[in-house]
Amino acid sequence: MNSALPVTDVRRLFVLLCGFEIIPKSISTRDRGADIVISVPITAYLLDTLHGWVLFDAGLDEANLRDPVLLEKHYLSIGWNPPPVVWPPHEMAGQLAALGLGFGDISRVILSHLHADHSGHLKRMPQARMTIQRAEWDHAFSGRAPASWFPSDYDLPGMQWDIIEGDRQIMPGLQAISTRGHAPGHQSLVVDLPNTGRVVLAADVGDLMENFRNEVLPGESCDDVAALASIRRINALVAQGAMLFLTHDPDLLLNLRRSPDCYD
């Protein structure tokens with residue numbers, strides 16, 4: 001291995017496209033594009049590591065869209081309309097199967113936060129350790145979280161929570177960093193790959209590259225000062241040479257290698 005490349009326990013990174021949300025652009029970019037409707041991807045990331053398979057975020061549970069009663073309960077009745085779109089090729093189970101895996105093969109899930117488009121398949125991985133920031137766990141279980149948090153995804157008996165506070169090295173080459181702002185306990189990942197080098201999985205610090213280029217706040221924020229600081233923290237990592245991957249940028253998605261292709 002080239003000595004300039006990182007020493008890391010992460011071998012490969014897979015990009016999973018888990019559906020789309022149809023939203024006013026102002027949900028992604030504060031006070032910009034309220035009259036413009038965009039379709040943004042829902043992305044999760046699968047990491048092949050020396051310590052097992054690690055999933056960053058768990059996508060959206062398509063079962064809530066397929067059942068008319070659940071669709072009304074979780075989406076239409078709260079004004080989440082139009083609801084997200086998850087076609088069969090977007091279903092996480094099939095994407096894992098294409099790699100010879102199932103939900104039972106995931107040893108750890110790291111959650112950027114617990115909005116419903118990030119928590120959908122947690123219920124299918126009871127064997128996995130769920131790594132989450134304490135502030136996000138406290139908010140999600142407070143009974144005061146808004147309707148975009150679905151307790152039916154995560155408030156379940158037997159779930160194994162690994163609750164952390166602030167930055168934490170998960171393993172060599174994989175670090176969770178606190179990026180509060182969009183949600184109370186939002187976190188991102190810094191991943192070192194053997195050949196690609198450093199990648200930052202920013203999740204919802206900003207939906208679009210525009211958020212980072214122009215320091216535009218996300219439409220939803222629990223703390224605007226922290227949200228701007230998190231954008232700047234991610235930008236500093238990119239300035240040092242890291243690649244930036246987002247969860248919801250449709251233009252970025254077009255140029256990413258998607259599973260079963262990977263980054264190594």
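Things to note:
- Calculated accessible area for the chain comes out at 42 Å² per residue, all protein chains present (probe 1.4 Å; ligands, DNA, RNA ignored).
- J(HN,Hα) series, region 131-136, from Karplus relation 6.51 cos²θ - 1.76 cosθ + 1.60, nearest Hz, glycine and proline x: 8, 8, 6, 4, 4, 6
- Built amide H within the under 5 Å cut-off of Q133, gap 5+: I164
- 5 angstrom amide H check on I38, placed H, neighbours 5+ away: I23, K25
- Between amide H atoms placed 1.01 Å from N, distances below 5 Å from M125 occur with no residue 5 or more places distant or on a separate chain.
- As a fraction of the 1.4 Å probe accessible area of the chain, surface on carbon and sulfur atoms comes out at 53 percent.
- Trypsin sites (Lys or Arg not before Pro) restricted to region 132-176 and DSSP loop, no more than 11 other C-beta within 10 Å: R144
- Within the chain, longest stretch clear of exposed GluC sites (Glu not before Pro) (DSSP loop, no more than 14 other Cβ within 10 Å): 1-164
- Shape category assigned to region 1-121 from the gyration tensor of Cα positions, a/c cut at 1.5: oblate
The values are calculated or read from the model by the stated rules, or taken from the named source; none is laboratory data. If you're wondering where the values come from, they're calculated on a predicted model, not measured in any experiment. Positions of Cβ are backbone-derived with ideal geometry, glycine not excepted, and every protein chain shown enters the neighbour counts. These accessible areas exclude ligands, DNA and RNA; they are computed on the full protein's heavy atoms, side chains included. Shrake-Rupley method; radii C 1.70, N 1.55, O 1.52, S 1.80 Å.
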